[in-house]
Amino acid sequence: MEEAGSSKDDALVPGDLQNVREIQRQRWERKKEEQGAPDSSQGYPQSDIGATSSSSSPQTAAASTEAAAPSVDGSATQSPQDDLPPLRRLHILPFAEADAKIGKRARIECIAPELRRIRQGQKAVTEGNLISHEGLDFAVTNCEPERGVLGADTDYFFDGAPLVSFEKIQFSCWGPTETELDGDAIFNEYLSPYFKGDFKSYGTPGAEKVRIFHNDQVFKIGEISLHVEATEPQGPCIGVVTQQTEIFANWDKQAEFEKIHIVPFQDTLPRAYDYDIFTDYLKPYLDRNKHKKMQTNDLFTFQGVQFKVVACDPPELPARVGKSTTIFCEGVLHPSLRNLLPPELLHQVAQLPPGLQMLLLNTERTTRELEDMLSHRRGLFEDTLTQLERFNWPPGADDPTTSQTTCMICLGDFRDGDECRRLPCRHVFHTSCVDEWLRRCTDCPICKNNVDRAIRNY
C-alpha cells in the first residue's frame, strides 16, 4: 500500500484536537507525580491487550506480498505488553458507503474520537481492523510494523480510493502436486476457514477484523498459494468480501519450470555500488511475482534493471518459477534490438524471410518503430508497387547497370526465370521479397533511398 500525504498535517488530530499529544503528555506527567514514579522518556504506557498471532504458524496466510496475516482459523493469542510496539505508520480507508456520507468533510475528523479511544486503551491494531464511529466504517489497510499500538508519534494516512465490497471474487490456487484440489475442496478446506475466527466477512455481526484484498494479490493459506485473479467491481481497487460476495476458486494446473535462465541487460546494471544480481534483484522480483507465468524471451524490469528469460525447461509452454526450480543468472545481454523485442514481436519477425529479418533487426529502429512497421504496414500503396520495374532473371544484355547476383532480402542467388523487381536506385530483388518489405517500409533495403518519393516525384 502506497503511503499518501506524508505531511504532519495529515496526522491525528486536526482542529480542536490539535493539542491532543500535549494533553496526553500532561496527563501522563500528573499520573507519574501522583504515583511517585521516576521521570521517564519512554512515552505512554502500554497495557496488556489481546493480539492476533503472527504468521509463523504453518496454518497462516499472507494478507499481501508485504505483510503476513493471522492464522487461518482466526484464533487470537494474548501478547505481553512489551510485545506491542508503537505503530510508526497507519493507513486507514473508509468503506464506500461511509465515504459517500462523509462528503467533503475530512476523513480524520470523522474517526478521530475513536482513534483517541483506541490509543488511550492501548488496543492492538493490525491490518484488517474495523474502526467505526457514528455509523461510519473504516478499516486499517496497512500498518508499520504489522501489529502494534497507537502511540504519540504514529503517523496517520487517509488518502486513497474507498474500500469496495466485492460482488464477486475469483481465486486461482496452486501448490504441491499431490494437493491438487477441485473448487469445492478449495472453498471448504481453505477459504471458508479463512473467513472465520477473528477475521470475518464484512457485515458479519460482531466482526472486528476483515480480510483486505486487491487485484493481483498473492497470499498463502497453509501450503497452497492463492492469486486474486479477478474481481467485480473490476479494475485496480482494494476491497473486502461480504456475506453476499460470490467466491470462485479453481486449481491452476500450470507447470513449474525445472530450470530457467534469466539474464540482465548490461547497460541497466548499477555502476556506483556493489551488488549481487540474484540476491538484490532477481530473488526479490520472483518473490513478489510468484503467480507470474513466464516463457522464453519474456522481458521484465525490477528496480531499474531489465532482465530477459533466455532459456527455460520445459521450453514449450508458459510456466511459473517454483520452489524446485533451478535458477541461472550468469552472463549479461547487450541492448540489441533482437534482445529487446518481446516474444510476440519476435514471433512475427520469425515468419519473415531470413534476409528481411536481418534488415529489420540490424537497423537503428526502436522497438516501438518496429512494432509499428509489423502491425500497420506503413509502406507503399499497391498502385505504387505496380509502377516499379519488373523483369525475369537474367536482365537483358543491354542492361549493364545490374551487377547483383543475390537478393539481399532472402539471401538467395538469382536463378534463370526468377521474377525480379528493380527499384529506382537500380537495386534488384526478388519481387515477392521486396514487395513484402516495401509494404512495410518505403526505403530501399540497401541504400535507404525513399522509393515512394522517387516514384511519385514529391
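The values are calculated or read from the model by the stated rules, or taken from the named source; none is laboratory data. It should be emphasised that the depicted structure is a prediction, and the values quoted were computed from it without experimental measurement. A quick note on method: Cβ atoms are made from the backbone with ideal geometry, for glycine too, and the neighbour counts reach across all protein chains shown.
Being in a strand (DSSP E or B), of a type in the set (Phe, Trp, Tyr) and touching a residue at least 12 places away in the same chain (Cβ under 8 Å), is that true of even one residue in the stretch 379-394? Even if it seems obvious, please write down each step before you answer.
Of the stretch 379-394, the ones in a strand (DSSP E or B) are 389-392.
From the residues that got through so far, the ones that are of a type in the set (Phe, Trp, Tyr) too are 391.
Still in the list and also touching a residue at least 12 places away in the same chain (Cβ under 8 Å): 391.
Yes, some residue in the stretch 379-394 is in a strand (DSSP E or B), of a type in the set (Phe, Trp, Tyr) and touching a residue at least 12 places away in the same chain (Cβ under 8 Å).
When you scan the stretch 185-263 for strands (runs of 3 or more DSSP E) that lie fully inside it, which ones turn up with 1 or more residues that are over 20 Å from Lys290 (Cα atoms), at pLDDT 90 or above and among the small types (Gly, Ala, Ser)? Give the derivation first.
Values: elements: 212-214, 218-221, 224-232, 238-251.
Because the criterion is at least 1 residues that are over 20 Å from Lys290 (Cα atoms), at pLDDT 90 or above and among the small types (Gly, Ala, Ser), the strands (runs of 3 or more DSSP E) in the stretch 185-263 that meet it are 238-251.
Given the conditions (1) modelled with pLDDT under 95; (2) outside any loop (DSSP other than H, G, I, E, B); (3) more than 23 Å from the chain's Cα centre (by Cα), which single one is not true for Ser172?
For Ser172, the exception is condition (3).
Within the stretch 435-458, which residues are β-branched (Val, Ile, Thr) and modelled with pLDDT under 90?
Start the filter on the stretch 435-458 by keeping residues that are β-branched (Val, Ile, Thr), which leaves 442, 446, 451, 455.
Scanning the stretch 435-458 gives Thr442, Ile446, Ile455.
So, in the stretch 204-236, of the ones that are of a type in the set (Gly, Ala, Ser) and over 11 Å from Ile169 (Cα atoms), which residue ends up nearest to the chain's Cα centre (by Cα)?
Step one: of the stretch 204-236, the residues of a type in the set (Gly, Ala, Ser) are 206-207, 222, 225, 230, 235.
Now narrow it down to the ones that are over 11 Å from Ile169 (Cα atoms): 206-207, 222, 225, 235.
Details: Gly206: 35, Ala207: 31, Gly222: 23, Ser225: 17, Gly235: 13 Å.
The selected residue is Gly235.
Could we say that Val164 is at pLDDT 95 or above and not small (Gly, Ala, Ser) here?
Numbers: at pLDDT 95 or above: yes; not small (Gly, Ala, Ser): yes.
Taking the combined requirement at face value, the residue satisfies it.
What number of residues within the stretch 400-436 satisfy the criterion of being closer than 24 Å to Asp452 by Cβ and surrounded by fewer than 13 Cβ atoms within 10 Å (Cβ to Cβ)? Working first, answer last.
We begin by selecting, within the stretch 400-436, every residue closer than 24 Å to Asp452 by Cβ; these are 401-402, 404, 407-410, 419-436.
Applying the additional criterion that residues be surrounded by fewer than 13 Cβ atoms within 10 Å (Cβ to Cβ) yields 401, 419.
Matching residues across the stretch 400-436 total 2.
Sort through Leu341, Leu333 and tell me the only one that's modelled with pLDDT under 70 and in contact with a helix residue (DSSP H, G or I) (Cβ under 7 Å, 6 or more places away or on another chain). Quick ask: steps written out before the conclusion?
Numbers: Leu333 fails: modelled with pLDDT under 70.
After applying the criteria, what remains is Leu341.
Please work out which one of (1) surrounded by 17 or more Cβ atoms within 10 Å (Cβ to Cβ); (2) closer than 20 Å to Gly203 by Cβ is the condition Val125 fails and give its number.
Val125 satisfies every listed condition except (2).
So, in the stretch 237-265, of the ones that are under 12 Å from Ser201 (Cβ atoms) and in contact with a Leu (Cβ under 8 Å, 6 or more places away or on another chain), which residue ends up surrounded by the fewest Cβ atoms within 10 Å (Cβ to Cβ)?
Selected residue: Ile247.
Is it the case that the stretch 222-232 has a residue that's over 22 Å from Asp182 (Cα atoms), touching a residue at least 60 places away in the same chain (Cβ under 8 Å) and outside the structural domain of Leu286 (by TED's automatic domain parsing)?
Looking only at the stretch 222-232, we keep the residues that are over 22 Å from Asp182 (Cα atoms), and these are 232.
Filter once more, keeping what is touching a residue at least 60 places away in the same chain (Cβ under 8 Å): 232.
Subset that is outside the structural domain of Leu286 (by TED's automatic domain parsing): 232.
The answer is yes; a qualifying residue exists.
Scanning for something more than 20 Å from Asn215 (Cα to Cα), in a loop (DSSP other than H, G, I, E, B) and at pLDDT 90 or above, does the stretch 275-294 turn up at least one residue?
Within the stretch 275-294, one or more residues are more than 20 Å from Asn215 (Cα to Cα), in a loop (DSSP other than H, G, I, E, B) and at pLDDT 90 or above.
With the condition kept exactly as written, say whether any residue in the stretch 415-432 is more than 46 Å from the chain's Cα centre (by Cα), under 14 Å from Leu385 (Cα atoms) and either touching a residue at least 60 places away in the same chain (Cβ under 8 Å) or in a loop (DSSP other than H, G, I, E, B) (or both).
Yes, because at least one residue in the stretch 415-432 is more than 46 Å from the chain's Cα centre (by Cα), under 14 Å from Leu385 (Cα atoms) and either touching a residue at least 60 places away in the same chain (Cβ under 8 Å) or in a loop (DSSP other than H, G, I, E, B) (or both).
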